[in-house]
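To keep things clear, I will list the structure first and then write my remarks on it.
The values are calculated or read from the model by the stated rules, or taken from the named source; none is laboratory data. Computed from a prediction, not measured in an experiment: that's the story for all the values here. Because the Cβ atoms are built from the backbone with ideal geometry, glycine has one as well, and the counts that use them run over all protein chains shown. What goes into the accessible areas is simple: the full protein's heavy atoms, side chains included, and nothing from ligands, DNA or RNA. Shrake-Rupley method; radii C 1.70, N 1.55, O 1.52, S 1.80 Å.
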Amino acid sequence: MSSLLNPAVPAGAFDEYLPTAVAASRRQRPWTPADGPLPSLYLSHGAPPLFDDPLWIRQLSDWALSLPKPRAILIVSAHWENAPLSLSGSDAGTPLVYDFGGFHRRYFKMTYATPDASELLRRVVSAMPDTEPIHQYPSRGLDHGAWVPLKVMYPLADVPVLQMSMPTHDPDALMRIGARLRGLREEGVLVIGSGFMTHGLPYLTREMFEGAVPTWSADFDAWAADALARGDVDTLAAFRAKAPGMPYAHPTVDHYIPLFVTLGAATAADAPVTTVIDGYMMGFAKRSFQIA
């Protein structure tokens, strides 16, 4: 069984990382208008095992530090599918959603008390047309698709964070939502789609826990990497019919489709992306990218 699921010290890799990360985050240069728009990101977010994976921790940390520190973060997670379009609580110290099970109790006691995000909430609402109903859930916290990677990327919890729901599975509709968020990037807001490039949970095997990568995961990841490198949005949107490894790579589509918000928020959705993280965790593709 993978040591990521049964670590000797739960979140021990995160504990070792934290002192250096805090110091680096304090030195990180804040975004200014002279930097121009921030890129939009798609990241494979992991779950509690991320805190036990020193390589993945370093990859996410280096990614965050390669960018100026954003003024705010708007994140769309695979774990909040809700219509109409909905926004999380914006108060400082928004609570966390521990939407996972079977892990050590330590992960359920982790906190991530981010600053007030009410200004970002107002900007998001103003970016949506009157025909797009928006509902706010003041008591809705950040789910693990948001707080787990962000706790690594911005360990000081000093950046306001707002979470937006996915109100549809339609790639074109998600692209349109992303396009309405494009202007936020020019104001120093980091727009993130958070999922997992492959996520065949029902098909996990003992061999995958031990490091094997199934063909359906590797083939889907290679197909997505090729389409993303060519900026072929039409092919990406036709994944149900065109992607190899289906439906095993995505028996449900929730972890794949956040990338369409990411692409929609880009200056040009059909521009080639910059892959920042690749490889696999328990057989699932960690592919994560940014696009200007």
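Here the condition is being more than 14 Å from Y42 (Cα to Cα) and touching a residue at least 40 places away in the same chain (Cβ under 8 Å); of A269, A238, A212, it holds for A212 alone. Taking the criterion of being out of contact with any strand residue (DSSP E or B) (no Cβ under 9 Å at 6 or more places or on another chain), of a type in the set (S, T, N, Q) and under 13 Å from F284 (Cβ atoms), the only residue of region 194-227 that qualifies is T205. Can you find a residue in region 187-200 that is polar (S, T, N, Q), touching a residue at least 12 places away in the same chain (Cβ under 8 Å), surrounded by 17 or more Cβ atoms within 10 Å (Cβ to Cβ) and in contact with a Leu (Cβ under 6 Å, 6 or more places away or on another chain)? Yes, region 187-200 has at least one match.
Can you confirm whether region 61-70 contains a residue that is closer than 30 Å to N6 by Cα, buried (at least 20 other Cβ atoms within 10 Å of the Cβ) and hydroxyl-bearing (S, T, Y)? No, the conditions are met nowhere in region 61-70. The criterion of at least 3 residues that are touching an Asp or Glu at 6+ places or on another chain (Cβ under 9 Å) is met, among helices (runs of 4 or more DSSP H) falling completely within region 176-264, by 215-230, 233-237. Would you mind finding the one in T94, T32, T131 that is among the polar types (S, T, N, Q), open to solvent by 70 Å² or more (accessible area, probe 1.4 Å) and over 21 Å from G279 (Cβ atoms)? Only one candidate passes the filter, namely T131.
Considering P37, P19, P33, P10, the condition of being in contact (Cβ under 8 Å) with a residue 40 or more places away in the chain, over 28 Å from L259 (Cβ atoms) and not acidic (D, E) is satisfied by P10 alone. Against the list (1) in contact with a strand residue (DSSP E or B) (Cβ under 7 Å, 6 or more places away or on another chain); (2) open to solvent by 40 Å² or more (accessible area, probe 1.4 Å); (3) not charged (D, E, K, R), the condition L162 fails is (2). Residues in region 244-276 that are open to solvent by less than 10 Å² (accessible area, probe 1.4 Å) and either over 15 Å from D172 (Cα atoms) or more than 17 Å from the chain's Cα centre (by Cα) (or both): A249, H250, H255.
Of the residues making up region 86-125, those that are assigned to a helix (DSSP H, G or I) and either touching an Asp or Glu at 6+ places or on another chain (Cβ under 9 Å) or touching a residue at least 12 places away in the same chain (Cβ under 8 Å) (or both) number 9.
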